[in-house]
Structures are given as structure tokens and as C-alpha cells.
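Here, each number is a calculation from the coordinates, and none is a lab measurement. Owing to the predicted nature of the structure, the values given are computational and were not obtained by experimental measurement. All Cβ positions, glycine included, derive from the backbone under ideal geometry; neighbour counts span all protein chains shown.
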Amino acid sequence: MIGHADTAISDPTSYIQQTEELRTKNHPLFLTRLEEIHKVSSTLTEQQRWQLHYLDAWEALFEGDVAKSRQYFEEVISKSGDPNLSAKASALLLTSYGMTREYEKAFVLANELTSQLPGITDVPARLQVLTNLSQTFNLAGQTDLALKYAQMMAEATPPGASLCYPMTDRVFALSNAGKIGSDSPDFRQAVDACTSAGQPIITNSLWLDQGEHLLKEDKAAEDLVLLNRIQASLERNHFQSHMLSALVQRARAYERLGQDEKARKAALAAISLQEGDSPNEWLRYAYLVLYHVTKKQGDTSAALGYYERYVTQTQGYLNDVSARTLAFQLAKQQVLAKKLETEELSKQNAILKLQQQLDAKAVETGRLYIVLLLIGLTGIVLWLLRLKHSQLRFKRMATRDGLTGILNHQHFINESERQLRHLERKSGQASLLWMDLDHFKQINDTHGHAAGDAVLRHIVKVCNGHLRPGDLFGRLGGEEFGILLLECERDHAIAIADRIRLAIEGDPLEHEGMMLKVSASVGVASTCNAGHALQRLCRRADAALYRAKRDGRNRVIADAGEGTSVFA
């Protein structure tokens with residue numbers, strides 16, 4: 001028996017294992033038991049102390065102390081001598097890298113764990129590795145891989161054990177891919193599994209994700225009902241990311257219901273809860289709500305300040321998404337390069353062996369050497385060509401929107417800033433068009449996302465027919481587009497914008513036997529009024545677009561300076 005003061009633990013190994021199972025089921029009790037184990041730590045075996053060290057690392061990560069958790073995880077991996085404990089620590093180290101945006105390290109480690117999977121037979125360790133692999137690849141937008149590892153986790157779960165984790169990872173992957181809605185049975189099945197397993201933190205994650213879908217589907221009132229129902233559980237478990245997500249959801253729901261003061265308070269509470277101002281999706285939405293509310297209240301100065309923070313958060317968020325994609329591709333290229341290097345070394349070893357065997361036949365050996373050398377050179381050339389092709393393809397992926405082929409948001413912003421600086425030096429003019437498709441959500445809801453994607457590609461084709469080769473055309477996100485018309489004055493830009501609007505309205509898309517007709521609202525801003533600063537042009541164009549939407553949609557509104565507008 002191990003005892004200390006009021007604590008008596010007859011079987012430390014079982015007690016530590018039971019404590020580990022309480023992490024997300026009953027976190028307050030987990031903390032209490034963790035403290036009890038520390039009281040008797042001096043009497044534990046070396047293996048039991050490493051298990052305790054692993055639990056301390058998990059708790060540090062849960063509390064957001066990434067540096068401390070990482071130090072503990074790395075000590076467990078390098079010094080414990082327990083392959084199963086090391087596998088679990090490595091899996092959680094993936095989450096640590098994701099929290100600090102060290103995506104290249106995360107995906108390199110993910111590849112290492114993937115190669116180790118066949119040798120990980122301990123069920124808890126294998127499940128931990130599979131769930132973190134699923135979450136990591138979902139973070140990179142690789143939903144097929146995320147679903148694959150979620151399925152492997154379900155298959156590795158012993159009969160009769162809870163499927164809470166694999167079902168949750170499956171829901172998050174499907175949600176990230178846009179393949180489920182708020183009323184999907186996948187949500188209900190995962191929630192029921194996690195509720196039955198006594199996993200309130202995981203259940204809350206599912207509810208909050210369902211709330212995001214309710215907002216996307218314009219069901220703000222239903223989202224508030226959901227948030228009120230789980231509020232007590234959120235406060236009891238006090239997981240910071242859940243509290244932050246819930247506050248931002250409330251702010252967005254209140255704004256859509258016209259309850260501006262409640263929206264403002266919720267958004268400010270979310271901002272105060274977040275430490276620092278590093279880019280994330282929650283802060284981006286919070287600043288957007290504050291911008292809309294203060295703009296509606298007529299507080300132009302505050303609205304502009306919130307809008308600038310929203311733009312900064314948006315740029316940071318998009319940079320972070322690009323960084324994840326880049327890190328995933330780099331890690332993939334490293335694996336490919338290592339494989340090719342191994343194959344090349346094998347070829348070289350085979351060549352040396354052949355040379356030794358044919359030493360007595362000088363002439364034949366010389367001829368064979370030339371042939372083998374040519375084969376080796378050909379292999380190297382083919383490898384270099386393949387690597388170059390991969391680099392060129394990835395460069396295009398980093399700058400182009402995957403669906404429409406035009407510039408993605410970040411590259412459009414960067415290239416527009418560069419072109420505007422060049423025009424400013426030579427006193428040239430430019431105009432910025434901010435375009436949004438009217439009622440586009442109805443197409444997705446009525447005909448499905450495949451039809452929506454076909455409409456977006458069709459709209460890009462129509463617009464390109466009215467643009468010059470030097471103009472910049474980018475997708476800002478969803479159904480929003482930006483066009484920078486170079487060497488184009490305001491009146492000419494209005495005419496081009498109206499031609500594009502009329503072309504979109506007059507050219508419906510035939511898709512699977514249906515005629516899909518859309519219209520567009522366009523806001524125009526010109527350097528003659530707003531100057532060459534891109535952020536000012538964006539604000540003017542966005543304000544003009546807002547007026548076009550407000551005045552009935554399917555029209556062009558041009559900014560004409562402070563406080564005025566022109567209808568075209």
C-alpha cells in the first residue's frame with residue numbers, strides 16, 4: 001500500500017489509469033486525483049512516475065501552457081522507455097504544434113506516426129494516435145485522410161466500448177468538408193454516443209459545431225436556444241476555447257436577430273476572454289459583428305476601427321490557412337524526396353556489386369558501367385523533372401482558388417497592393433470592384449453544393465469575358481469576388497461593372513436539366529476619390545456594395561467621396 005497523510009492508494013497503476021480516463025469525463029475529479037497521486041509520487045515506481053508525468057503534460061496542454069506541456073511530452077518520448085506511452089505523447093505533441101502554428105513540425109511528426117502505426121498494437125495508444133492524426137489532417141483541409149483515420153479508430157475500438165471519439169472526428173471532418181448540415185443524423189449519433197460515455201467536453205464541441213451550421217443556415221434563434229441549453233455545462237467544464245466559441249456565436253446570432261446591444265456585449269466579452277490579438281476565426285467574427293453594429297449606430301470612427309481589425313484578422317486567418325496547406329505539402333515532398341533518395345542509394349549499391357562481380361571482364365564491365373550510368377542519370381533527371389513539376393503545381397495551388405482558378409484572397413490582396421503602389425508612383429488611376437452574388441445561399445440549399453460550385457465557375461467565365469488581360473480578378477471567399485481594373489477611371493469602371501452585372505443576369509447556367517439564374521450586386525471605388533491605399537479602397541468598395549445590397553440588389557453603386565454615392 002502507498003499512503004501519505006489522508007491519501008491511500010493500494011494499486012497505483014490502476015489508480016493512474018482510472019484517473020487518465022477521467023480527463024474529459026470529469027475534469028474537476030481528474031484534478032483532485034492528480035493531486036492525490038503527486039502526494040505519493042516519491043513511492044511510485046519509475047514507470048508509474050512517467051505515467052504521472054504524461055498526465056501532467058496533458059493537463060498543461062488543456063490549460064493552454066503549451067511550452068510546459070511540450071517539455072513534458074518530449075521528456076516522456078525520449079526518456080520513458082515505454083513505446084506505448086511515447087506514442088500517446090507523440091500524438092498529443094501534434095496538438096501542441098497546431099496550437100503554436102508550427103505546422104511543418106506537425107505534419108512531419110504526423111508522417112512519422114503514420115509509418116509507426118502498424119507497430120502500435122496497444123489499444124489506448126493506437127486510438128490516441130489515430131484520433132490526433134484525424135484531427136491534424138482535418139486541420140490541413142485533408143478531409144479524406146481525416147475520415148480514413150476516424151474509420152480506422154472505429155475499427156480499432158473494442159466491442160462494447162464507446163465510439164464517441166471516432167464518431168466525433170468523423171463529424172468534424174464532414175463538417176469541414178461542407179458535407180453535413182445542422183439536421184444531419186451524424187450530429188445526433190455522435191452526441192448520443194458521447195453523452196452515453198459521459199464525455200461532456202466532447203459533447204459540447206459537437207453542440208458548438210452544430211451551432212455554427214445553424215448560423216450558416218440563418219437559424220439564429222435556434223442557435224441561441226442551443227447555446228442556452230449547454231451554457232451550464234460550458235461553465236462547469238470551463239474549457240476556454242468553448243467559452244470563446246459560445247460567446248462569438250451568441251454575438252453573431254444576436255446581430256442577425258437585430259438585438260444589437262446584446263450582440264455588442266457578447267462580442268466584447270469574447271475579445272476580452274482571448275489573450276493577445278493573434279489571428280483566429282473567433283476574433284475575426286467578433287470584430288465583424290462590432291463593425292456591423294457600430295456602423296448601424298452611426299459611429300463611423302469606431303466602425304472603421306473595428307473593420308480594420310476585422311481585415312487584419314481575416315488576412316492573418318487566410319495566411320494561417322495557407323501556412324497549413326504549405327506545411328502539409330512540404331512534409332509530403334520531404335517524404336517523397338526521402339523515398340527517392342533511398343531508391344537511388346539502392347540502385348548505386350546494386351551498381352557497385354555488379355562492378356565487383358565483372359572485374360575480370362574489363363570490356364564488358366566498361367560497357368555495362370556506361371549503360372548503368374546512363375540509367376542512373378536518366379533516373380536523376382526524371383526525379384528532378386518530377387520535383388520541379390510538383391513545385392510548379394504547388395506554387396499555383398498557393399496563389400489560385402482551387403474551385404474557380406482565379407486568384408485566391410491572399411494573393412489578390414498582395415498583388416493589388418503591389419499594382420497600386422506602382423500606379424501611384426506614375427500617377428495612374430485604378431478602380432476596385434467588390435462583387436457579391438445575390439441570394440446565392442438559396443442555390444446551395446435548393447440544388448446542392450455541386451450546383452453552387454458550377455454557378456461560381458460559370459460566373460468567373462462570364463466575368464473574364466469583360467476583363468482585360470492585365471486586370472486582377474480574385475475570389476475573396478464564398479460568393480464574393482474582387483476585381484482591380486488597372487488604368488481605369490471611375491466612369492469607365494462603372495460601365496464595365498454594369499456590363500458584367502447585365503451579362504451575369506442575362507446568362508443563366510443550365511445544370512442537370514435546370515436553369516440556374518443569378519444576379520450580382522457590385523460596389524465600385526476609384527483612386528480618384530479614395531487614393532491608392534488598398535485598405536481605403538476596400539472600405540469604400542465594401543460600403544458601396546453594402547448600399548447596393550440594401551437598395552434592392554442586382555445593381556452597381558459607385559463611391560463618390562465622403563458621404564455620397566452614385567447609382568449606375
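Maximal additional length on extending the HIS466-ASP551 stretch stands at 28.1 nm, based on 0.36 nm per residue less the C-alpha distance. For the chain, relative contact order (Cα pairs under 8 Å, six or more residues apart, normalised by length) works out to 7 percent.
For the chain, what is the percent of antiparallel DSSP beta bridges, rounded to the nearest 5? Rounded to the nearest five, the antiparallel share is 90 percent. The helix-only estimate of mean residue ellipticity at 222 nm for the chain, built from DSSP H runs of length n ≥ 4 each weighted as -39500 (n - 2.57), is -23500 deg cm²/dmol after division by the residue total. Distance between the C-alpha centres of the stretch 199-221 and the stretch 120-134: 27 Å, rounded to the whole angstrom. Within the stretch 34-77, what residues put their amide N at less than 17 Å from the label point 7 Å along the Cα-to-Cβ vector of ARG101? Residues 66-67 fall inside that zone.
Between GLU46 and LEU403, what FRET efficiency follows from the Cβ-Cβ distance if R0 is 51 Å, with the result rounded to 0.05?
It comes out at approximately 0.40.
Take the Cβ-Cβ distance between ARG457 and ALA177 as r, set R0 to 25 Å, and report the resulting FRET efficiency rounded to the nearest 0.05. List each step's numbers first, then the result.
Numbers: r = 19 Å, r/R0 = 0.75.
With R0 = 25 Å, the Cβ-Cβ based efficiency is 0.85.
For the stretch 278-297 versus the stretch 146-186, the inter-centroid distance based on Cα atoms is 32 Å. When each of the peptides 532-538, 454-460, 183-189 is scored by how many other beta carbons lie within 10 Å of its residues on average, the order from highest to lowest is 454-460, 532-538, 183-189.
Could you pull out the pairs from LYS461/LYS549; LYS216/LYS265; LYS105/LYS216 whose alpha carbons sit more than 31 Å apart here? Pairs exceeding 31 Å: LYS105/LYS216.
Can you return the aspartates and glutamates within cross-link range of LYS39? Criterion is Cα-Cα under 14 Å, with same-chain partners fewer than 8 residues away left out. Result set, ordered by chain and number: ASP6, ASP56. Of LYS441/LYS517; LYS25/LYS148; LYS179/LYS262; LYS25/LYS88, which sit over 22 Å apart, Cα to Cα? Check vs 22 Å cut-off fails for LYS25/LYS148; LYS179/LYS262. Going by a ≥ b ≥ c, the root eigenvalues of the Cα gyration tensor, does the chain fall in the rounded group (a/c under 1.5), the prolate group (a/b larger than b/c) or the oblate group? Verdict is oblate for the chain.
Given Cβ point charges of +1 (Lys, Arg) and -1 (Asp, Glu) and nothing else, what value in debye, to the nearest 20, does the dipole of the chain about its Cα centre take?
Dipole of the chain, to the nearest 20 debye: 1420 debye.
Extending 7 Å from Cα along the Cβ direction at GLU155 and again at GLN240 yields two label points whose distance is 3.9 nm. Positive end of the dipole of the chain, charges at C-beta (+1 Lys, Arg; -1 Asp, Glu), about the Cα centre: which of LEU22, ALA221, ILE180 has its Cα farthest in that direction? Checking the options against the dipole of the chain, the answer is ILE180.
A Förster distance of 30 Å, applied to the separation of the beta-carbon atoms of LYS148 and GLU415, puts the FRET efficiency at 0.25. The slack between LYS296 and GLU512, meaning 0.36 nm per residue of separation minus the straight C-alpha distance, is 73.6 nm. Quick one: Cα centre-to-centre distance for the stretch 406-471 and the stretch 491-546, in angstrom? Measuring centre to centre over Cα atoms gives 9 Å. Can you tell me how much longer the chain between LYS39 and GLU281 gets when fully stretched, taken as 0.36 nm per residue apart minus their C-alpha distance, in nm with one decimal? Difference between extended and current length: 83.0 nm.
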